[in-house]
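A quick write-up on the structure given underneath.
The values are calculated or read from the model by the stated rules, or taken from the named source; none is laboratory data. The structure displayed is predicted, hence computed values, not measured ones. For neighbour counting, all protein chains shown are included, and Cβ atoms are generated from backbone atoms with ideal geometry for every residue, glycine included. These area figures cover heavy atoms from the full protein model, side chains too; ligands, DNA and RNA do not enter into them. Shrake-Rupley method; radii C 1.70, N 1.55, O 1.52, S 1.80 Å.
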Amino acid sequence: MEFQFDRIIDRRGTGSNKWDNMEKYFGVSPKDGLAMWTADSDYPTAPCVTDALHAAADFGIFGYTGDYSGYFAAIRWWMQTRHSWTIEEDWILTAQGLGNALALCIDVFSDPDDHIVTFSPVYHEFANKTARAGRRLTECPLVRDGDTYMLDLEDAQSRMTGREKVLLWCSPQNPSGRIWTPEELRAIADFAARNDLILVSDEVHHDLVYSGESFVPMDIAAPQARPRLVVLTAASKTFNIAGQHTGNMIIPDSALRATMQQRLRTLNYDPSGLGVQMVTAAYSADGAAWVDAQMDYLDGNRAAFDAAIAEIPGVHSLRLQSTFLAWVDFSGTGMDFDGFHARIRDDARIAASPGPSFGAGGESFMRFNLAMPRARVIEAGARLQSAFADLQ
Ligand SMILES: Cc1ncc(COP(=O)(O)O)c(C=O)c1O
């Protein structure tokens, strides 16, 4: 089946955060700018998802929903088929997206002034949500090793104050695209146990894995973590349906789950009916075929972008194992952050995510979202070459 990854769709004026807020957040006009920041995609989702929406619209009744057995069955099927992960229906709690799930985990499993542990550079919302909740951050730097990042758990241990309650762990890792090995996952689970931390394993990027790489869920690598484990998954990145705010907290341990469930009841949480229908349609054989095609397409985007960046002296795009988020190091240009960011913003007219927002270790980086038609990726590469032309 033909998919539409190459189709250029003008999202301006549709309420899109990425396009309609780029001027507000980055000072890049959508008139001639390229939006390469927030992590959604500029091509349409899988046809099986839009077909389900069309059918729902034709049905025309959008009343209360209450039987989620089809939704849970689809999630279980997906985890089993795509990740060889067997989960039980009652382990699955829903949240309004994973941003919401992260905030809930901080809220439920820690108190104000407690510390939240992260390994940086990492998804900037881990730190933002920690600060907004009145918690403190214990940031443990990852160690850069060429195109990848390594853990230094001895250093991390030395940073523990005894007031840490939750570890927000990103696997695969945003922004570097790193896929952690089962040994590293076990080491993280042991670290969480040693420090008595609730281990929140955010696995939202788990489907966006390039050919030749393999992702292992935390629950498979480290089943001993179950009494403290919350796994976050969603179809939002995989299928570009983040605007529907439908995500899952998969909690194998019944006592831990009951604590979260109690808060969800208090807050009167129910999933969105349309979101549930879209995810149910997405987690199917047709959805899987679309994801495979998407990863082939993204592989081409990654190659085109990296080839263009390789032509710019002093700039390096790290080799991605997963995600559509290129993590680009500008340290070799000799410029400081303001210097290279100004060129990207003002000369290339690209709104990308500033590396420093991902915490310690992000100072010399920018993150570029490549989930767009290839022609735009090529255009972005050409703009960046021209913005740094004097370095040639
Ligand atoms: C690691 C990570 N977690 C959570 C989210 C937010 O997910 P959602 O759109 O489901 O709220 C993102 C979005 O970029 C992410 O990269």
Where the Cα atoms of the stretch 143-239 are projected onto their three principal axes, how long is each span, largest first, in whole Å? 39, 32, 20
Calculated on alpha-carbon atoms, Rg and Dmax of the stretch 1-64 in Å: 15.4, 43
R319-D155 FRET efficiency (beta carbon distance; Förster radius 22 Å; 0.05 resolution): 0.35
Check cross-link reach from K165 to the lysines: straight Cα distance under 21 Å, and skip same-chain residues fewer than eight apart. K129
Measure off 7 Å from each Cα along the Cα-to-Cβ vector at A303 and Y269, then give the distance between these two points in nanometres to one decimal. 4.2
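Could you compute Rg(Cα) / (2.2 N^0.38 Å) for the stretch 75-192, with N its residue count?
1.13
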Pull up the cross-link candidates among the aspartates and glutamates for K237, meaning alpha carbon to alpha carbon under 13 Å and not fewer than 8 places away within one chain. D40, D42, D202, E203, D207
Comparing A57, A282, A39 in a Gaussian network model of the chain (Cα, 10 Å), the one with the largest mean-square fluctuation is A57
In whole Å, largest first, the alpha carbons of the stretch 201-252 cover along the principal axes 33, 30, 10
Only sites in a loop by DSSP and with at most 10 other Cβ atoms within 10 Å count here; which GluC sites (Glu not before Pro) in the stretch 118-220 make the cut? none
Using only the alpha-carbon atoms of the stretch 205-325 as identical scatterers, what base-10 log of I(q)/I(0) does the Debye formula give at q = 0.13, 0.14 Å⁻¹? -0.71, -0.80
Taking every DSSP beta bridge that has both residues in the stretch 133-202, what percent is antiparallel when rounded to the nearest 5? 40
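Before rounding to the nearest 500, sum -39500 (n - 2.57) across all DSSP H runs of length at least 4 in the chain and divide by the residue total; then give [θ] at 222 nm in deg cm²/dmol.
On the way: 15 runs with 154 residues, N = 392.
For the chain, the value works out to -11500 deg cm²/dmol.
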Tell me the trypsin sites (Lys or Arg not before Pro) within the stretch 90-189 that lie in a loop according to DSSP and have at most 14 other beta-carbon atoms within 10 Å. R163
Could you please state how large a percent of the accessible area of the stretch 239-351 is carbon and sulfur, counting protein chains only and using a 1.4 Å probe? 46
Given axes a ≥ b ≥ c from the Cα gyration tensor, I'd like to know whether the chain is rounded (a/c under 1.5), prolate (a/b larger than b/c) or oblate. oblate
Modelling each spin label as a point 7 Å along the Cα-to-Cβ direction, I'd like the R163/Y25 distance in nm, to one decimal. 3.1
Filtered hits (lysines, Cα-Cα < 22 Å from K31, offset >= 8 within chain) -> K18
Which value results for Rg/Rh of the stretch 1-124 when Rg is the Cα radius of gyration and Rh the Kirkwood radius based on the inverse mean 1/r? 1.02
Suppose each label sits 7 Å from its Cα in the direction of the beta carbon; what would the A56-Q4 distance come out to in nanometres? 1.8
Listed residues F72, F119 arranged by accessible area, highest first, probe 1.4 Å: F72, F119
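How long are the semi-axes of the ellipsoid equivalent to the stretch 125-164, from square roots of 5 times the Cα gyration tensor eigenvalues, in whole Å, largest first?
Numbers: eigenvalues 105, 46, 4 Å².
Equivalent ellipsoid semi-axes, largest first: 23, 15, 4 Å.
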Heavy atoms only, probe 1.4 Å: what % of the accessible area of the stretch 69-177 goes to carbon and sulfur, would you let me know? 46
Relative contact order of the chain, defined on C-alpha pairs under 8 angstrom at six or more residues apart (%): 23
